[in-house]
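Peer 1: Pasting in a structure now, in structure tokens, and then I'll have a few things to ask.
The values are calculated or read from the model by the stated rules, or taken from the named source; none is laboratory data. Computed from a prediction, not measured in an experiment: that's the story for all the values here. Cβ coordinates were reconstructed from backbone atoms using ideal geometry, including for glycine residues, and neighbour counts include every protein chain displayed. Just the protein is used for accessible areas: all its heavy atoms, side chains included, with ligands, DNA and RNA removed. Shrake-Rupley method; radii C 1.70, N 1.55, O 1.52, S 1.80 Å.
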Amino acid sequence: MTTTARWIRDVVSHLRRGRHVVLHGNVRDLAMFEGVPLAFADALDAALESAGYEVRARWNQADGITFTDPAMRSRWEELERDPALAAAPRGRAYQLPRRSGAAEAAVPAPPDAMAPQPALHVAPHLALSSARRVLAASDAASSMVVDLADRVFSEQQPPDERGLLVTMQLAMDETARHTAGPRAGMRNALVLVAPVLGQIPTWLYREHPLVQVVGVARPDRPDREAFLSRQWRGFFGALAEEPSGDVVDGFGALTDGMSFWDLEALRLASHHERIAIGDTRKLLDVFRHGTREDPWERLNIEVLGHARERLTRQVMGQEAAVDAVLDVLTMARGGIGLDGARPSPRPKGVLFFVGPTGVGKTELAKAVTELVFHDPTAFARFDMSEYAQEHAAERLTGAPPSYIGYEAGGQLTNRMKERPFSLLLFDEIEKAHPRILDRFLQILDDGRLTDGLGDTVYFGQAFLIFTSNIGSTRLERLPDGTDRVVSSVDPALDGAALADHYRSAVREHFLRIGRPELLGRIGEERVVAFDRLRDAHIDGILAKFLGGIRDSAREKYGVEVSFEPSLLEFGRKECQHPAVIALGGRGIRNFVQSRILAPVNRAVLATPGRAIVVRAREGEVIVGPVL
């Protein structure tokens, strides 16, 4: 079965209905025409030819009006010089088309087809005036393509440009409509090719009954698979006569969003990198990310075997959350999925952390980053409270073309261009505008996102974590009419009941904002509930922070700092206060910083080189040199 790009079929269909066409989007790529990838200009010319246009002109500001056949130029100039056209009234009455066997006007051969000819009508006003005259002639089926039409006009549109626009509008309105023969009902056509549609004045095409806008999309899956089949022997390692069904299927899935030129560059990369096309995922990773080193490959069974101990040491009291993370990491490393042998373009892992503030959600994400990537800079946090307004979506992916600042790209897409191997933390996701959440659907489904510059970034090597405090607090109305924030969690709930509470709250939240499909993409089984801070965890967290003080003093000053049991007992009692418990580990950290860290720094500076001991007495922290 031969394939032809959807946009080509749409163009031919609209031309046969008597419409002009404005093409925009992926107009610099190759295009599939009857199973053969052609340059865009050639594919469009083939479409016009198949629609029945005999004289096909193309104009741009550099080359003027050009033709694929010198005979077409001769016919164009003949029609342009026809005195009958100059005298013909504009706006002729419409005649109903009739089907007949009337012969079509033949295109005469030029006197000397090989003779070099000067450029024809380079200036825009001459080219459009010429098109207006020729396209109004019913003697021949004629068309003109205006290439890079968005570069002809500026945003300010000075008077000379407005004159060009008027001429273009009149050319569209006055084109001859054929009334007999196989082209009955068709008009001579003006086709505008504009990579950026926003640069074309909307009044030229919007609500115009004779103009149809057609978007040129990147090649779809059948087109990409046809490209592989046609170019198969040109890839490195293609030993068989034709690709197997599994290779074609994997290629079609993993190359989603790529242009034909991208696919051709991929073919060349297979030779330069000497990676066989059968290993499509590896080839694509090197092509997109520019490296053969895959951090996920280092996540072997030995590392995973020690990961639980390592993570629970860094994030205390959250064993269930750590186990859930390890399950996802194991599946990401193993690579066995529900889609059979076909590799998936989706992110390596997706989790939704929910629980009270200060219980280790961000800390666990950082610990996973160190475990997988061995590089703290692979961690990127996005504060979703900054995306509460709908227009803030442009900060993630960049402003659309022709808007101020679109050249800068988006924060998220730029990050993935720079660091495709990353852990991305979307903190307090419930505070983002619901329309912004829609951007994540494509990431979770297809593993990719396109920025305002038209560049596609891929998330197939990334780990995504969403965090939320949904279900932790609620507003309570006081007798004086004011509101206060109170806990919505019953302190008596055990770990399992608390997890059910948070998962239910997450489910209700996504239903309330009308985005249940996002939770469906994440998966309710990937909602990881964090336990609240319990008394049994306080000693371990307190000891962790005190150990940090001891290590810092030893490394910076060579000073030994010790802590007496009285300090540990004092710290335990202070951190059991409800106000501290409400802030979780962050509350314990605040206590250590304010009551212990400052006195230790003063003592170290006052007695340089002396060992320091920290104790508690009568509710006060006492720091002094060891006697």
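The rows are residues; the columns are (1) of a type outside the set (Ser, Thr, Tyr); (2) at pLDDT 90 or above.
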residue: ASP256; (1), (2): yes, no
residue: SER259; (1), (2): no, yes
residue: ALA265; (1), (2): yes, yes
residue: LEU268; (1), (2): yes, yes
residue: GLU273; (1), (2): yes, yes
residue: HIS289; (1), (2): yes, no
residue: ARG292; (1), (2): yes, no
residue: PRO295; (1), (2): yes, no
residue: LEU299; (1), (2): yes, no
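Peer 1: Scanning for something touching a Pro at 6+ places or on another chain (Cβ under 7 Å), of a type in the set (A, V, I, L, M) and either touching a residue at least 24 places away in the same chain (Cβ under 8 Å) or closer than 27 Å to LEU197 by Cα (or both), does the stretch 452-463 turn up at least one residue?
Peer 2: yes
Peer 1: Only one of these is buried (at least 21 other Cβ atoms within 10 Å of the Cβ) and at pLDDT 90 or above: PHE545, PHE530. Name it.
Peer 2: Checking each option against the conditions leaves just PHE530.
Peer 1: Can we say ARG532 is touching a residue at least 60 places away in the same chain (Cβ under 8 Å), under 30 Å from ALA432 (Cα atoms) and not in a helix (DSSP H, G or I)?
Peer 2: Against the criterion (touching a residue at least 60 places away in the same chain (Cβ under 8 Å), under 30 Å from ALA432 (Cα atoms) and not in a helix (DSSP H, G or I)), ARG532 qualifies.
Peer 1: For the stretch 482-495, does any single residue satisfy the condition of being closer than 30 Å to THR255 by Cβ, touching a residue at least 40 places away in the same chain (Cβ under 8 Å), outside any helix (DSSP H, G or I) and of a type outside the set (Gly, Ala, Ser)?
Peer 2: no
Peer 1: With respect to LEU311, is the statement that it is within 24 Å of the chain's Cα centre (by Cα), surrounded by 14 or more Cβ atoms within 10 Å (Cβ to Cβ), at negative phi and hydrophobic (A, V, I, L, M, F, W, C) true? Quick ask: steps written out before the conclusion?
Peer 2: Values: within 24 Å of the chain's Cα centre (by Cα): no; surrounded by 14 or more Cβ atoms within 10 Å (Cβ to Cβ): yes; at negative phi: yes; hydrophobic (A, V, I, L, M, F, W, C): yes.
Judged against the criteria, LEU311 is not a match.
Peer 1: Enumerate the pairs (first residue in the stretch 121-134 and in contact (Cβ under 8 Å) with a residue 40 or more places away in the chain; second residue anywhere and of a type in the set (Phe, Trp, Tyr)) with beta-carbon separation below 7 Å, excluding pairs fewer than 6 apart on the same chain, so at least 6 apart or on different chains.
Peer 2: Filtered contacts from the stretch 121-134: ALA127/TRP59; VAL134/TRP76.
Peer 1: Shifting gears a bit: Scanning for something open to solvent by 50 Å² or more (accessible area, probe 1.4 Å), assigned to a loop (DSSP other than H, G, I, E, B), modelled with pLDDT under 85 and within 30 Å of ASP294 (Cβ to Cβ), does the stretch 342-354 turn up at least one residue?
Peer 2: So far as the stretch 342-354 goes, yes, one or more of its residues are open to solvent by 50 Å² or more (accessible area, probe 1.4 Å), assigned to a loop (DSSP other than H, G, I, E, B), modelled with pLDDT under 85 and within 30 Å of ASP294 (Cβ to Cβ).
Peer 1: Could I ask something else about it? If we keep just the residues of the stretch 1-39 that are free of Cβ contacts under 8 Å to residues at least 24 places away in the same chain and part of a helix (DSSP H, G or I), which is most open to solvent (accessible area, probe 1.4 Å)?
Peer 2: ARG9
Peer 1: Please give the helices (runs of 4 or more DSSP H) falling wholly within the stretch 118-237 in which 3 or more residues are under 30 Å from GLU264 (Cβ atoms).
Peer 2: Qualifying helices (runs of 4 or more DSSP H): 221-231.
Peer 1: Could you give every pair whose Cβ atoms fall below 6 Å, whose first residue belongs to the stretch 231-258 and is without any contact (Cβ under 8 Å) to a residue 40 or more places away in the chain, and whose second residue is open to solvent by less than 30 Å² (accessible area, probe 1.4 Å) and charged (D, E, K, R), counting only separations of at least 6 or pairs across chains?
Peer 2: What qualifies is GLY252/ARG224; THR255/ARG224.
Peer 1: If only one of ASP323, ASP262, ASP285, ASP327 is in contact (Cβ under 8 Å) with a residue 40 or more places away in the chain and either out of contact with any Phe, Trp or Tyr (no Cβ under 6 Å at 6 or more places or on another chain) or part of a helix (DSSP H, G or I) (or both), which one is it?
Peer 2: When all the criteria are applied, what remains is ASP285.
Peer 1: Let me ask you something else. Of all residues being hydrophobic (A, V, I, L, M, F, W, C) and in contact with a Lys or Arg (Cβ under 9 Å, 6 or more places away or on another chain) in the stretch 548-570, which is farthest from ARG595 (Cα to Cα)? Just the residue, please.
Peer 2: Checking each candidate, the answer is VAL559.
So that you can scan it fast, the table gives a plain yes or no per residue for (1) over 25 Å from the mean Cα position of the chain (by Cα); (2) open to solvent by less than 30 Å² (accessible area, probe 1.4 Å):
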{"position": "ASP220", "(1), (2)": "no, no"}
{"position": "GLU241", "(1), (2)": "yes, no"}
{"position": "LEU266", "(1), (2)": "no, yes"}
{"position": "ASP279", "(1), (2)": "no, no"}
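Peer 1: On to the next question. Does ARG503 qualify as being surrounded by 13 or more Cβ atoms within 10 Å (Cβ to Cβ) and under 39 Å from the mean Cα position of the chain (by Cα)?
Peer 2: For ARG503, the condition - surrounded by 13 or more Cβ atoms within 10 Å (Cβ to Cβ) and under 39 Å from the mean Cα position of the chain (by Cα) - is met.
Peer 1: Here is a further query. Go through (1) in a helix (DSSP H, G or I); (2) closer than 30 Å to ASP490 by Cβ; (3) open to solvent by 20 Å² or more (accessible area, probe 1.4 Å) for LEU583 and report which single condition fails.
Peer 2: Unmet condition: (1).
Peer 1: Do you know which residues across the stretch 548-567 are of a type in the set (Asp, Glu) and either exposed (fewer than 13 other Cβ atoms within 10 Å of the Cβ) or under 41 Å from the mean Cα position of the chain (by Cα) (or both)?
Peer 2: Those that are of a type in the set (Asp, Glu) and either exposed (fewer than 13 other Cβ atoms within 10 Å of the Cβ) or under 41 Å from the mean Cα position of the chain (by Cα) (or both): ASP551, GLU555.
Peer 1: Considering only residues that are exposed (fewer than 14 other Cβ atoms within 10 Å of the Cβ) and under 24 Å from LYS573 (Cα atoms), which ones fall in the stretch 602-627?
Peer 2: Result: ARG617, GLU618, GLY619, GLU620.
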